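Visitor: Dumping the structure here so I can ask a few things about it.
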Amino acid sequence: MLRLRYFVPVLILFFLGYVSEIKSQEGNTEANVKAVLVYKFTKFLHWPENADRDTFKIGVLGDAEIASALKIITHEQLIKKKPAKIEELNPSTPLKSYNIIFLSQKSTMDIKNVLQKIQGEPVLLIGDKEGFGEKGAGINLIKQDGKIKFEINLSSLRENGIESNTQFINLASVLYD
Amino acid sequence: MNDLDYRHFIIFLILFSTATTIKAQSDNIKELMDLSLSDLLNVEIVTASKKLQKLGDVPATVKVISKEKIIQNGYLTLEDVLSDLQGFQFRNIQGFNSYIFQRGIPNQNNLTLVLIDGIQINELNSGGFYGGAQYNLENVERIEVVYGPASALYGTNAISGIINIITKNPKDYPGANASIEYGAFNTVNANASYRYFDEEDNFGFGISGMFKTTEKADLGGKEGDNNWTENMENFEDDLAVDAKILYEEFTFGLTFQSKKASRTTNYKSTGTLYLDHGSSWNINFLTGFLKHDYSIDERLKLTSNIYCIDATVLDNTIGYVTTTSQAGYYRPNNLIGIEEILSWEINNQLSFIGGLEYESETLATGFSQTYSSSATTAPAVPPEPEKQNNSLFSFYLQSQFKFYTNFNLFAGFRFDNSSVYDQVFTPRAGLVYKDEKLGAKFLYASAFRAPKPWDYNSGLGNLNLESEKMSSFEFSLSYSLSKNSYAEISFYKNSLHEKLSQVNTNNGWYWDNVGETNVDGVELFAEHASDKLKIYGNYTYNYAVFDDNTIVPEIAKHSANFGVRYNFTDQFSIGFRNNYLGRRENPVYIESTGDKQVGPAFVSHLNFAFINVAGFNFRLFVNNLFDTEFYHTSNRPPQRYRQPQRMVLFKIEYNLFSNNF
């Protein structure tokens with residue numbers, strides 16, 4: 001029979017050992033949250049017909065973690081009923097063939113250059129830095145009180161031919177027009 | 001399990017405690033993917049896991065059982081689902097019901113509130129939910145288990161806790177899938193689901209059906225303590241259908257459960273007039289709701305919900321069969337309710353949730369019964385029983401005040417005004433601390449269970465019953481070691497006053513408010529997940545006594561569970577889980593053992609999964625791997641209940657459009 005005098009000390013040791021043994025790990029949940037947000041955004045947005053391709057392409061500038069998280073998501077999920085392709089880009093990559101460009105704050109590329117490259121094209125620029133929304137990113141992720149919120153630049157969306165709905169717009173923290 | 005070698009147990013614990021690896025992103029992402037966009041925007045990113053963190057903010061101890069865990073472990077019944085959690089013990093009579101004791105208080109399943117998509121599935125006439133296999137677990141998104149009193153939000157029956165079963169949303173699980181499972185004791189479990197969602201029209205629907213049948217265990221002759229003959233009949237047939245329709249801000253939900261189960265195990269057939277075949281307890285549950293979610297602005301939300309419940313013991317029920325008669329039972333009950341919930345986040349520090357609720361119910365005052373004049377003749381259909389109409393008006397309010405960084409103060413109450421049990425005021429309060437790694441909760445809560453017609457009228461009857469009342473203090477600590485390593489400990493002190501007890505007299509028995517049950521408890525829990533390995537363990541200590549300090553029967557002081565799942569590849573994994581339940585005092589003397597003790601039990605279960613093979617998933621379950629002979633307690637003529645022998649089940653799943661099984 002399992003006796004109390006063995007059972008309780010062993011369990012306590014087990015929990016203490018367990019607690020002390022596992023090393024603290026740096027979380028990447030912020031990247032996961034941002035990647036899932038990018039995926040969820042696609043459900044509320046519509047690209048013009050000339051953006052219709054066999055695959056839904058997302059290019060990531062300057063953030064390998066976001067790219068990795070997006071790959072995990074799109075491994076199982078279609079976007080707009082198409083398989084998705086996630087690519088990490090460098091500043092010299094042409095951007096017109098992508099449906100979404102994710103511009104990280106870690107990227108060395110200037111937002112003006114990115115906007116220039118996608119001007120008039122059905123490409124959504126998602127920024128990840130305070131001020132990118134005002135500067136012209138269609139959507140910009142910002143951190144507020146430890147949570148990820150987003151801004152929408154309506155005129156940028158219009159210029160790139162991307163439509164959104166009221167439900168989506170109501171969720172934005174800041175609107176630029 | 002008298003022959004348990006504790007050395008093996010310690011080896012398991014050591015293996016368990018030394019396994020650590022780096023966590024992959026995928027589990028965290030899967031959790032996040034289940035959230036709506038608006039929920040995602042409220043996920044705090046300072047800590048790792050949405051699940052662990054969100055639970056850390058709630059003024060209660062909460063465990064979540066994911067759909068993956070339900071499928072991977074092959075849970076067939078509600079009891080199975082709860083069996084690996086801390087704080088649960090069971091009296092499974094292997095018949096028409098199974099009794100689930102949360103945090104150390106035996107009861108007729110009427111101290112825990114069970115909800116499906118927020119609508120109670122506790123039977124209306126008795127207030128007790130049915131354990132068993134009638135739940136459509138394939139269509140479950142997750143099950144939230146709340147520990148401790150929660151009447152301040154949910155009203156009657158939420159004394160020991162709440163079990164909220166949340167079904168799959170067509171928006172998140174579009175596609176079709178089906179499964180079939182077969183195994184020991186003629187067990188069959190078949191399921192099929194179809195879900196559709198159109199993003200442009202914001203419209204979707206889902207329908208899911210389930211059929212299960214099982215003979216549960218070998219209880220004939222010696223295997224069942226010679227309570228029944230070798231040819232005893234012991235079946236359970238369950239049918240369930242869930243439907244959900246989404247349109248814009250509206251959600252319509254429907255749940256139907258049909259349970260038909262033998263009542264053989266309620267009585268002994270050897271040496272009595274009872275026969276061990278021919279009975280059938282037939283009960284249907286039907287719940288429906290129409291909900292409207294309206295966001296006035298980002299901080300102010302209004303939810304309106306109209307719902308109805310029907311819980312009827314059907315008029316073709318045969319309660320028991322004796323050598324001279326069959327007994328027919330009939331008991332219809334229904335309820336309609338409406339609820340308005342306002343959620344208001346005034347600023348980043350202060351928020352409120354408040355609700356108004358009105359319910360009107362029509363309940364049978366008791367069973368309508370008929371009897372035939374022979375064992376082979378069916379009784380006449382019982383007539384409509386006498387009924388009573390009750391009404392309930394309630395309101396509740398809970399505030400959350402963030403008064404200092406990482407500190408939240410919760411306070412709230414609920415006021416119920418019933419045509420049956422008059423006014424009840426139920427307060428609760430809590431202080432919650434949560435930072436990136438550490439969480440602490442100090443909680444006070446009260447709760448009540450209002451007597452139901454079944455209590456008032458059973459046996460000799462007693463119309464002077466008062467509500468049972470619970471008061472509870474809890475302190476818990478949690479620590480997130482990394483983004484998916486987590487440990488917690490809870491200490492609680494519960495006191496159930498005005499407890500309903502069975503009073504026996506020369507003329508018969510009745511329920512009365514007699515005395516108290518006091519429970520001091522400790523619950524420990526830890527889990528860790530890596531790419532390949534997932535491990536968890538928990539331990540519960542319960543010291544449950546009546547007010548005269550005598551030990552409460554049917555509650556073990558010690559119980560523990562631990563398990564491990566190893567993913568050898570993306571397609572192949574093995575799970576191993578173990579349940580330990582300590583020695584329990586039995587309510588009645590057991591002739592076959594010569595005492596009033598039900599010995600401890602250590603039971604292991606093994607499962608194998610081979611998934612994503614051309615759209616198919618294959619699973620093999622071996623429950624009670626070592627064919628351990630173990631028993632549950634009894635308050636019925638069979639003096640203890642043998643639990644199932646080794647049970648092997650094989651399951652095939654097919655996903656037609658989606659991987660989201």
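Visitor: When B:ASP455 is evaluated against the numbered criteria (1) touching a Leu at 6+ places or on another chain (Cβ under 9 Å); (2) open to solvent by 30 Å² or more (accessible area, probe 1.4 Å), which criterion, by number, is the only one it fails?
Guide: (2)
Visitor: Can I ask one more? Can B:SER480 be described as closer than 30 Å to B:SER26 by Cβ, assigned to a strand (DSSP E or B), among the small types (Gly, Ala, Ser) and open to solvent by less than 20 Å² (accessible area, probe 1.4 Å)?
Guide: Values: closer than 30 Å to B:SER26 by Cβ: yes; assigned to a strand (DSSP E or B): yes; among the small types (Gly, Ala, Ser): yes; open to solvent by less than 20 Å² (accessible area, probe 1.4 Å): yes.
When the stated conditions are applied, B:SER480 passes them.
Visitor: Any idea which residue in segment B:513-552 is farthest from the other protein chains (Cβ to nearest Cβ), counting only those that are small (Gly, Ala, Ser) and closer than 16 Å to B:LYS493 by Cα?
Guide: Going through segment B:513-552, the residues small (Gly, Ala, Ser) turn out to be B:515, B:521, B:526, B:529-530, B:537, B:544.
Okay, now just the ones that are also closer than 16 Å to B:LYS493 by Cα, so B:521, B:544.
Numbers: B:GLY521: 14, B:ALA544: 16 Å.
The qualifying residue farthest from the other protein chains (Cβ to nearest Cβ) is B:ALA544.
Visitor: Mind checking which strands (runs of 3 or more DSSP E) fall wholly inside segment B:77-164 and carry at least 2 residues that are closer than 30 Å to B:SER399 by Cβ and either out of contact with any helix residue (DSSP H, G or I) (no Cβ under 8 Å at 6 or more places or on another chain) or at pLDDT below 95 (or both)? I'd like the intermediate steps shown before the answer.
Guide: Working: elements: B:88-92, B:98-102, B:112-116, B:140-147.
The qualifying strands (runs of 3 or more DSSP E) are B:112-116, B:140-147.
Visitor: OK, next. For B:GLU223, state whether it is part of a loop (DSSP other than H, G, I, E, B) and more than 26 Å from B:PHE618 (Cα to Cα). Talk me through it step by step, then tell me what you get.
Guide: Numbers: part of a loop (DSSP other than H, G, I, E, B): no; more than 26 Å from B:PHE618 (Cα to Cα): yes.
No: the conditions fail for B:GLU223.
Visitor: If I go through segment A:53-63 residue by residue, how many of them are assigned to a loop (DSSP other than H, G, I, E, B) and open to solvent by less than 70 Å² (accessible area, probe 1.4 Å)?
Guide: Selection size over segment A:53-63: 4.
Visitor: Those residues that are under 17 Å from B:LEU649 (Cα atoms) and open to solvent by 60 Å² or more (accessible area, probe 1.4 Å), I need them from segment B:589-611; list them, please.
Guide: B:PHE608, B:PHE610
Visitor: Determine which member of the set B:GLU357, B:GLU340, B:GLU384 is of a type in the set (Asp, Glu) and either open to solvent by less than 30 Å² (accessible area, probe 1.4 Å) or modelled with pLDDT under 95 (or both). Outline the logic, then answer.
Guide: Values: B:GLU340 fails: either open to solvent by less than 30 Å² (accessible area, probe 1.4 Å) or modelled with pLDDT under 95 (or both); B:GLU384 fails: either open to solvent by less than 30 Å² (accessible area, probe 1.4 Å) or modelled with pLDDT under 95 (or both).
Exactly one of B:GLU357, B:GLU340, B:GLU384 is of a type in the set (Asp, Glu) and either open to solvent by less than 30 Å² (accessible area, probe 1.4 Å) or modelled with pLDDT under 95 (or both), namely B:GLU357.
Visitor: Scanning segment B:483-502 for residues that are closer than 12 Å to B:MET470 by Cβ and assigned to a strand (DSSP E or B), which turns out most open to solvent (accessible area, probe 1.4 Å)? So that I can check it myself, show each step before the final result.
Guide: Within segment B:483-502, the subset closer than 12 Å to B:MET470 by Cβ is B:492-499.
Now narrow it down to the ones that are assigned to a strand (DSSP E or B): B:492-497.
Numbers: B:TYR492: 8, B:LYS493: 118, B:ASN494: 7, B:SER495: 19, B:LEU496: 2, B:HIS497: 60 Å².
Only one residue tops the list, namely B:LYS493.
Visitor: Given the conditions (1) touching a residue at least 24 places away in the same chain (Cβ under 8 Å); (2) more than 24 Å from B:ASN136 (Cβ to Cβ), and given that B:ILE296 satisfies all but one, which numbered condition is not satisfied?
Guide: Result: B:ILE296 passes all but (1).
Visitor: Mind listing whichever residues of segment B:58-76 are open to solvent by less than 40 Å² (accessible area, probe 1.4 Å), part of a loop (DSSP other than H, G, I, E, B) and among the β-branched types (Val, Ile, Thr)?
Guide: Matches in segment B:58-76: none.
Visitor: Considering only residues that are within 14 Å of another protein chain (Cβ to nearest Cβ), open to solvent by 20 Å² or more (accessible area, probe 1.4 Å) and charged (D, E, K, R), which ones fall in segment A:132-168?
Guide: Within segment A:132-168, A:LYS143, A:ASP145, A:LYS147, A:LYS149, A:GLU163 qualify.
Visitor: Condition first: closer than 19 Å to B:LEU219 by Cβ, touching a helix residue (DSSP H, G or I) at 6+ places or on another chain (Cβ under 7 Å) and either open to solvent by less than 30 Å² (accessible area, probe 1.4 Å) or free of Cβ contacts under 8 Å to residues at least 12 places away in the same chain (or both). Can you find one or more residues in segment B:271-284 that meet it?
Guide: Scanning segment B:271-284 turns up at least one residue that is closer than 19 Å to B:LEU219 by Cβ, touching a helix residue (DSSP H, G or I) at 6+ places or on another chain (Cβ under 7 Å) and either open to solvent by less than 30 Å² (accessible area, probe 1.4 Å) or free of Cβ contacts under 8 Å to residues at least 12 places away in the same chain (or both).
Visitor: Given the residues B:THR322, B:THR255, which is the only one that is surrounded by 21 or more Cβ atoms within 10 Å (Cβ to Cβ) and of a type outside the set (D, E, K, R)? If you could, list the steps in order and put the result at the bottom.
Guide: Working: B:THR322 fails: surrounded by 21 or more Cβ atoms within 10 Å (Cβ to Cβ).
Matching residue, one of B:THR322, B:THR255: B:THR255.
Visitor: Let me ask something else about it. Please determine, by comparing only the residues of segment A:14-45 that are open to solvent by 10 Å² or more (accessible area, probe 1.4 Å) and more than 8 Å from chain B (Cβ to nearest Cβ), which one is modelled with the highest pLDDT.
Guide: A:LYS34
Visitor: On to the next question. Which members of segment A:46-55 meet the condition of being more than 14 Å from chain B (Cβ to nearest Cβ) and in contact (Cβ under 8 Å) with a residue 40 or more places away in the chain? Don't jump to the end; show me each part of the working.
Guide: First pass over segment A:46-55, keeping only residues more than 14 Å from chain B (Cβ to nearest Cβ): A:48-55.
Hits for segment A:46-55 are A:PRO48, A:ASN50, A:ALA51, A:ARG53.
Visitor: Continuing with this model, one more query. State all residues of segment B:360-373 that are at pLDDT 95 or above and either open to solvent by less than 30 Å² (accessible area, probe 1.4 Å) or closer than 20 Å to B:GLY288 by Cβ (or both); if no residue qualifies, say none.
Guide: B:SER360, B:GLU361, B:THR362, B:LEU363, B:ALA364, B:SER368, B:THR370, B:SER372
Visitor: Further question on the same structure: Here are some conditions: (1) more than 16 Å from the chain's Cα centre (by Cα); (2) within 14 Å of chain B (Cβ to nearest Cβ); (3) surrounded by 19 or more Cβ atoms within 10 Å (Cβ to Cβ). A:ILE66 meets all but one. Which one does it not meet?
Guide: Checking A:ILE66 against (1) more than 16 Å from the chain's Cα centre (by Cα); (2) within 14 Å of chain B (Cβ to nearest Cβ); (3) surrounded by 19 or more Cβ atoms within 10 Å (Cβ to Cβ), the one that fails is (1).
Visitor: I've got another one for you. For segment B:511-542: of the residues being touching a residue at least 40 places away in the same chain (Cβ under 8 Å) and among the aliphatic types (A, V, I, L, M), which is farthest from B:TYR479 (Cα to Cα)?
Guide: B:VAL519
Visitor: Please indicate, with yes or no, whether at least one residue in segment A:95-117 is under 13 Å from the mean Cα position of the chain (by Cα) and without any contact (Cβ under 8 Å) to a residue 24 or more places away in the chain.
Guide: At the first step, the residues of segment A:95-117 found to be under 13 Å from the mean Cα position of the chain (by Cα) are A:100-105.
Narrowing further to those that are without any contact (Cβ under 8 Å) to a residue 24 or more places away in the chain: none.
Scanning segment A:95-117, I find no residue that is under 13 Å from the mean Cα position of the chain (by Cα) and without any contact (Cβ under 8 Å) to a residue 24 or more places away in the chain, so the answer is no.
The values are calculated or read from the model by the stated rules, or taken from the named source; none is laboratory data. If you're wondering where the values come from, they're calculated on a predicted model, not measured in any experiment. Here Cβ is always computed from backbone atoms with ideal geometry, including for glycine, and neighbour counts include all displayed protein chains. All accessible areas refer to the heavy atoms of the entire protein, side chains included, with ligands and DNA or RNA removed. Shrake-Rupley method; radii C 1.70, N 1.55, O 1.52, S 1.80 Å.
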